[in-house]
Amino acid sequence: MNRLSPEAIQSYSGQRRKMVEEQLVERGVRDLRVLEAMSRVPRHLFAQDSLRHRAYGDAPLPIGENQTISQPYIVGAMTEALGLTGEERVLEIGTGSGYQTAIVAELARQVFTIERLNNLSRQAQKILEGLSYMNIVFKMFDGTYGWPDQAPFDAILITASAKEIPESLIKQLGEGGRLVAPAGDKEKQKLIVLTKKDGRISRQELGDCKFVPLIGKYGWQDK
Ligand code: SAM
């Protein structure tokens with residue numbers, strides 16, 4: 001395993017604190033566990049070398065293959081909306097850089113994460129192994145199918161957008177669970193929270209957002 005040095009992890013801690021204060025707390029993210037996790041996880045290690053100096057800025061960043069690492073506020077707001085307590089098994093669709101996977105791994109028992117692009121998944125695995133996360137299981141596949149063998153999940157996070165949240169994924173949400181995902185057209189979406197209670201799904205909208213497309217059988221078609 002390729003362990004990262006404590007210096008590599010600790011550097012940028014001032015910028016990280018500032019990011020949490022100015023981008024998360026000031027915009028209403030209140031869950032202390034989420035704020036602490038985002039103060040700890042070294043976001044710069046998930047950015048491309050040439051973009052490390054922008055890792056704590058208030059914006060998404062390119063990670064290659066036309067994909068992005070989401071803006072810190074969006075990661076905080078989505079993670080808070082999952083309402084994690086530490087006991088959950090979480091399904092994440094869209095590993096991307098692995099940054100949000102790390103945040104969720106800090107806050108839940110186990111994370112099952114799926115990425116359709118092999119290079120991104122491999123790169124994320126390398127970084128997360130270097131940070132010694134032991135509670136993450138990776139898969140390279142079309143995540144719109146979910147992970148039926150491991151369902152039901154206590155929480156599901158989709159970090160790419162479809163027109164509608166795929167029914168295949170809603171079905172894999174356990175009783176009392178929450179699913180957080182963007183949904184809408186390719187240009188603009190709403191962040192949606194679905195909650196399953198007594199077998200029924202309720203829906204809440206958190207606000208506007210813009211994500212890369214969820215490409216697959218139950219998402220947008222690959223061109
Ligand atoms: N949360 C990630 C991070 O912190 O870096 C950002 C994820 S990025 C906005 C969305 C990711 O979803 C991309 O890496 C993209 O390749 C992936 N994706 C899109 N469609 C997918 C699918 N059907 N299954 C799995 N991953 C998918």
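What follows draws every value from the coordinates through simple rules; no lab data is involved. Note that the structure is predicted; figures quoted are calculated from it, not measured. Positions of Cβ are generated from backbone atoms using ideal geometry, with glycine treated the same way; all protein chains shown enter the neighbour counts.
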Only one of I93, I69 that is surrounded by 21 or more Cβ atoms within 10 Å (Cβ to Cβ), without any contact (Cβ under 8 Å) to a residue 40 or more places away in the chain and closer than 25 Å to F153 by Cβ: I69
Outside any strand (DSSP E or B) and either hydrophobic (A, V, I, L, M, F, W, C) or closer than 21 Å to A77 by Cβ (or both) - does that describe any residue in the range 188-201? yes
So Q204, is it polar (S, T, N, Q) and touching a Ser or Thr at 6+ places or on another chain (Cβ under 9 Å): yes
Based on this model, can you work out whether I127 counts as surrounded by 14 or more Cβ atoms within 10 Å (Cβ to Cβ), within 13 Å of the ligand (Cβ to nearest atom) and in a loop (DSSP other than H, G, I, E, B)? no
Here are K171, K217, K197: which of them is farther than 11 Å from L91 by Cα, within 15 Å of the ligand (Cβ to nearest atom) and of a type in the set (D, E, K, R)? K217
Which ranges mark the strands (runs of 3 or more DSSP E) fully within the range 1-105 that have 1 or more residues being among the basic types (K, R) and touching a Phe, Trp or Tyr at 6+ places or on another chain (Cβ under 9 Å)? 89-93
Consider the range 39-66. How many of its residues are over 20 Å from E129 (Cβ atoms) and near the ligand (Cβ under 9 Å from one of its atoms)? 4
Going through A183, A155 one at a time, which residue ends up being assigned to a strand (DSSP E or B) and either without any contact (Cβ under 8 Å) to a residue 12 or more places away in the chain or closer than 16 Å to Q221 by Cα (or both)? A183
Those residues of the range 208-223 which are in a strand (DSSP E or B), under 18 Å from the mean Cα position of the chain (by Cα) and without any contact (Cβ under 8 Å) to a residue 60 or more places away in the chain, in sequence order: D208, P213
Please enumerate the residues belonging to the range 106-120 that are within 19 Å of Q172 (Cβ to Cβ), assigned to a loop (DSSP other than H, G, I, E, B) and within 6 Å of the ligand (Cβ to nearest atom). R116
